[in-house]
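Peer 1: Dumping the structure here so I can ask a few things about it.
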Amino acid sequence: LLLRWRRHRGLWKKVKEAQQRQERSLVRMETVTRSFREQHPSVNMVSILSLPLPELTKRIHDGSLPPEHVFYAYVGKALQIAIETNCITEYLQESETQLRKVKPEKRGLLYGVPVSIKDSIDCQGHDSTVGFIKNINKPAAEDSVVVQVLKRQGAIPFVKTNVPQSLVSYDCRNLIFGQTYNPLLYTRSPGGSSGGEGALIGGGGSILGIGTDVGGSLRFPAAFCGICALKPTGKRLSKKGVVAGVVGQKAVAAAVGPMAKDVDSLALCMRALLCEDMFSLDSTVPPLPFNEEVYSGTQPLRIGYYETDFFTMPSPAMRRAVREVKEMLEDAGHTLVPFELMNVDYAVFNFCFRGMFSDGGVSFIRNFKGELERSSVALLFWLSKTPNWLKSALSWTVKPFVRPTQGEAQSASMGQYIHSTSVFPPQEFCHQFITQWKNLNLDVMLCPMLGPALGIGYPEKLSVAVSYTMLYNALDFPTGVVPVTLVTDEDEEELKDYKGYFQDWWDRTLAKAFRGSVGLPVAVQCVALPWQEELCLRFMKEVETL
């Protein structure tokens with residue numbers, strides 16, 4: 001007991017150190033912002049913050065807007081949003097030095113643009129904690145490739161943002177830095193695992209952010225906070241220097257991607273990142289520069305669509321969002337074709353959950369050794385740690401009370417999937433999906449996105465609701481999120497009749513999580529085939545414009 005007490009005391013000391021570093025970061029941000037405003041009282045910070053990224057970069061490039069004005073405008077706004085939502089874990093003080101050293105004669109596409117970076121993406125000299133105490137005071141030896149490329153393009157990484165412990169959650173809370181809140185409604189989750197990014201950009205404290213996605217971790221925060229995000233094909237952007245939530249798993253493709261207020265900003269970021277620097281710094285990234293012709297195309301599209309995956313019943317606002325966008329696209333001259341999803345439940349359990357935990361959860365459990373808390377992923381942790389014989393017994397015991405899945409009689413509980421150590425490669429499922437896609441001669445797909453934002457604490461209870469997003473990690477298709485509508489009083493009224501497809505505990509809990517959301521944003525997903533990020537962005541732009 002004495003040894004345990006001493007060890008816990010040591011861990012809490014490390015937590016306190018990290019929290020003090022966070023506090024010092026905010027104090028520094030306040031100090032430099034106040035100093036700048038005193039020296040430049042005539043600078044209109046509000047007008048700078050109102051500029052979309054393409055216009056901002058244009059003005060910086062033509063000299064009409066000094067990079068210093070942009071930088072301190074965003075440091076000040078980021079400080080405000082951090083105080084309101086607890087989204088920033090650390091201020092990158094060296095950004096001030098980088099700002100002074102940015103050379104006008106070497107103006108990259110993102111020259112002078114402040115960029116926020118997710119906690120799990122390495123920045124030299126700073127921790128990538130992933131919410132684990134063991135990672136405190138273990139600064140990265142070098143920048144991740146994506147951060148190196150951003151800097152070579154003139155961007156200025158200036159803050160790191162909060163994540164849930166282990167990244168295997170679509171909420172945003174950990175023991176070190178606490179809960180991050182949605183800037184649109186503080187009782188709601190900002191989404192996760194790139195939740196700090198979602199909150200900061202959604203609140204206007206960053207114009208461009210970089211996050212990661214292994215089950216919806218870019219798309220949930222974007223949808224919940226009313227912004228845009230792109231999850232590229234897994235290997236389109238480098239993951240070198242990016243910490244994974246479940247180390248070693250290959251079944252569900254992780255991706256690095258941008259988050260911003262609008263689609264043109266995402267396109268500009270991808271244009272900047274897909275350069276020779278990216279391809280030379282990481283030779284595993286295919287040398288595919290940004291295809292401008294595809295992004296700027298104007299020909300009518302043939303678009304598949306569906307309103308539900310028949311596993312997680314969409315909220316009334318989700319269904320309405322897809323229907324309204326479908327009608328607008330048709331009115332604009334595009335062809336909309338119904339797409340029948342098949343066996344999504346089987347894919348989610350067999351390819352996603354079983355794939356991610358194909359070692360029986362051993363790698364996942366190892367992350368938590370010596371940690372003080374694991375509540376945000378308590379169920380997954382408990383299932384991973386449970387002996388195999390008990391998992392088998394439990395799966396049969398709870399079988400009458402949980403939703404069945406198609407195609408496999410024994411698919412009774414998540415515990416059984418974590419029990420399995422067999423890998424079920426999704427290639428065949430992927431080929432079947434692509435065949436169905438090509439038989440319909442589709443260019444892109446319009447899909448629902450879970451929303452509106454769930455209340456804080458609900459995501460950890462509703463892991464099954466990742467079905468709309470995780471499907472496209474298993475398929476490794478580029479997928480973007482665009483906000484298209486707000487929850488109405490009519491949506492809220494219809495929600496009273498929400499029962500779900502299985503009328504089980506998960507469905508009842510999801511109905512509660514959706515309630516009281518009038519005025520919150522709802523998004524749709526835009527999907528393209530692998531390596532067609534430019535077409536995905538072009539489709540997103542069309543949806544955004546309409």
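The values are calculated or read from the model by the stated rules, or taken from the named source; none is laboratory data. On a predicted model such as this, the values are computed, not experimentally measured, just so you know. Every residue, glycine among them, receives a Cβ derived from its backbone with ideal geometry; neighbour counts consider all protein chains shown. Keep in mind that these areas ignore ligands, DNA and RNA; they rest on the heavy atoms of the full protein, side chains included. Shrake-Rupley method; radii C 1.70, N 1.55, O 1.52, S 1.80 Å.
Peer 1: Which value, in debye to the nearest 20, describes the size of the charge dipole of the range 247-296 about its Cα centre when Lys and Arg Cβ atoms bear +1, Asp and Glu Cβ atoms bear -1, and nothing else is charged?
Peer 2: Roughly 280 debye for the range 247-296.
Peer 1: Among A244, G10, P139, whose Cα sits farthest toward the positive end of the charge dipole of the chain (+1 at Cβ of Lys/Arg, -1 at Cβ of Asp/Glu, about the Cα centre)?
Peer 2: After comparing all options, I get G10.
Peer 1: Shifting gears a bit: Can you tell me the convex hull volume per residue for the chain, based on C-alpha atoms, in Å³ to the nearest whole number?
Peer 2: 147
Peer 1: Helices from the chain with mean Kyte-Doolittle at least -1.0 and a Cα length along the axis of 20 Å or more, per DSSP H: which? Before the final figure, lay out each step's value.
Peer 2: Details: long enough: 2-39 (55 Å, -1.43); 67-85 (26 Å, 0.34); 316-331 (23 Å, -0.84).
In the chain, the long hydrophobic H runs are 67-85, 316-331.
Peer 1: Loop only by DSSP, 10 or fewer other Cβ within 10 Å of the Cβ. Give me the GluC sites (Glu not before Pro) in the range 296-346 that pass, ordered by residue number.
Peer 2: Hits after loop and neighbour filter: E340.
Peer 1: Relative to the Cα centre, what is the charge dipole magnitude of the chain, using +1 at the beta carbon of each Lys and Arg, -1 at the beta carbon of each Asp and Glu, and rounding to the nearest 20 debye? Don't skip to the answer; put the middle values down first.
Peer 2: Working: 59 positive and 56 negative charges, 478 e Å.
The calculated dipole for the chain is roughly 2300 debye.
Peer 1: Sticking with this structure for a sec: Taking the Cα atoms of the range 450-542, what is the range of coordinates along each of the three principal axes, in descending order and whole Å?
Peer 2: Taking the Cα atoms of the range 450-542, the three principal extents are 40, 27, 23 Å.
Peer 1: With no solvent and one equal point scatterer per Cα, compute the Debye intensity ratio I(q)/I(0) for the range 1-87 at 0.17, 0.23 Å⁻¹ and report its log10, rounded to two decimals.
Peer 2: With one equal scatterer per Cα and no solvent, log10 I(q)/I(0) is -0.78, -1.10.
Peer 1: In a shell of Cβ-Cβ distance under 12 Å around Q153, excluding Q153 itself, what net charge do Lys and Arg (+1) and Asp and Glu (-1) give?
Peer 2: Every neighbour counted, the sum reads +3.
Peer 1: Could you state the accessible area per residue of the chain in Å², with a 1.4 Å probe and every protein chain left in place?
Peer 2: 39
Peer 1: A further question on this structure: Students sometimes get this wrong: rank M328, M470 by accessible area, probe 1.4 Å, all chains present, largest first.
Peer 2: Putting M328, M470 in descending order of accessible area: M328, M470.
Peer 1: T485's amide H: which non-local residues (gap 5+, or another chain) put their own amide H closer than 5 Å, with H modeled 1.01 Å from N in plane and none for Pro or chain starts?
Peer 2: V522
Peer 1: Now for a different question. Indicate, rounded to the nearest 5 percent, the antiparallel portion of the DSSP beta bridges found entirely in the chain.
Peer 2: Looking only at bridges with both residues in the chain, the antiparallel portion is about 65 percent.
Peer 1: Now for a separate question. Starting from the Cα of E544, step 7 Å toward the Cβ, then list every residue of the range 105-126 with an amide N under 19 Å from that point.
Peer 2: 109-111, 113-117
Peer 1: Also, quick follow-up: Given a 1.4 Å probe and heavy atoms of the protein chains only, how would you sort Y458, Y181, largest accessible area at the top?
Peer 2: If we order Y458, Y181 from most to least accessible, we get Y181, Y458.
Peer 1: Given Cβ point charges of +1 (Lys, Arg) and -1 (Asp, Glu) and nothing else, what value in debye, to the nearest 20, does the dipole of the range 73-198 about its Cα centre take?
Peer 2: Value, rounded to 20: 300 debye.
Peer 1: Leaving out ligands, DNA and RNA but keeping every protein chain, what accessible area does T284 have, in Å² rounded to the nearest 10, with a 1.4 Å probe?
Peer 2: Rounded to the nearest 10, that gives 100 Å².
Peer 1: Let me ask another. Subtract the Cα-Cα distance of E55 and E292 from 0.36 nm times their separation in residues, and report this length gain in nm to one decimal.
Peer 2: Working: separation 237, 0.36 × 237 = 85.32 nm, distance 1.82 nm.
Using 0.36 nm per residue and subtracting the Cα-Cα distance, I get 83.5 nm.
Peer 1: Would you mind calculating the relative contact order of the chain from Cα pairs under 8 angstrom and at least 6 residues apart, reporting the percent as a whole number?
Peer 2: Across the chain, relative contact order equals 15 percent.
Peer 1: Another one. Quick one: of K138/K369; K235/K261; K16/K160, which pairs are farther than 20 Å apart, Cα to Cα?
Peer 2: K235/K261
Peer 1: From the phi angles alone, apply the Karplus equation (6.51, -1.76, 1.60; θ = phi - 60°) to the range 455-462 and give each ³J(HN,Hα) in whole Hz, x where the residue is Gly or Pro.
Peer 2: x, 4, x, 6, x, 5, 8, 10
Peer 1: Let me have the 222 nm mean residue ellipticity of the chain computed from DSSP H runs of 4+ only, each contributing -39500 (n - 2.57), with the sum over all residues rounded to the nearest 500.
Peer 2: It lands at -12000 deg cm²/dmol.
Peer 1: Using 0.36 nm per residue, how much length does the chain from Q503 to D331 gain when fully extended, once their Cα-Cα distance is taken away?
Peer 2: Answer, rounded to one decimal: 58.2 nm.
Peer 1: Quick one: Debye curve from the C-alpha atoms of the range 1-290, no solvent, what's log10 I(q)/I(0) at q = 0.08, 0.17 Å⁻¹?
Peer 2: -0.31, -1.44
Peer 1: Right, another one. If amide H atoms are built 1.01 Å from N in the plane of the peptide, which residues on other chains or at least 5 residues away come under 5 Å of the amide H of S315?
Peer 2: Residues meeting the criterion, in which the H sits 1.01 Å from N, are G451.
Peer 1: At 1.4 Å probe size, with no ligands or nucleic acids counted, give the accessible surface of W5 in Å², nearest ten.
Peer 2: Looks like 140 Å² after rounding.
Peer 1: If each of L440 and H8 carries a label point 7 Å out from its Cα toward its Cβ, how far apart are those two points in nm?
Peer 2: In this crude spin-label approximation the distance works out to 5.4 nm.
Peer 1: Next question, about the same structure. Give a quick list of GluC sites (Glu not before Pro) in the range 54-150 that DSSP marks as loop, anything other than H, G, I, E or B, with at most 13 other Cβ atoms within 10 Å.
Peer 2: Sites meeting the loop and neighbour criteria: E105, E142.
Peer 1: Over the chain, with every protein chain in place, what whole percent of the accessible area is carbon and sulfur at 1.4 Å, could you tell me?
Peer 2: Values: 11610 of 21480 Å².
That fraction is 54 percent.
Peer 1: For C536, C275, write out the residues from largest to smallest accessible area, computed with a 1.4 angstrom probe and no ligands counted.
Peer 2: So, going from the largest accessible area down, we get C275, C536.
Peer 1: Points 7 angstrom from Cα along the Cβ direction at H40 and S64: gap in nanometres?
Peer 2: 1.7
Peer 1: What does the charge count around S47 come to, taking other residues whose C-beta lies under 14 Å from its C-beta (Lys +1, Arg +1, Asp -1, Glu -1)? Could you put the intermediate results ahead of the total?
Peer 2: Values: positive: R59, K77; negative: E55.
Overall, the nearby charge balance is +1.
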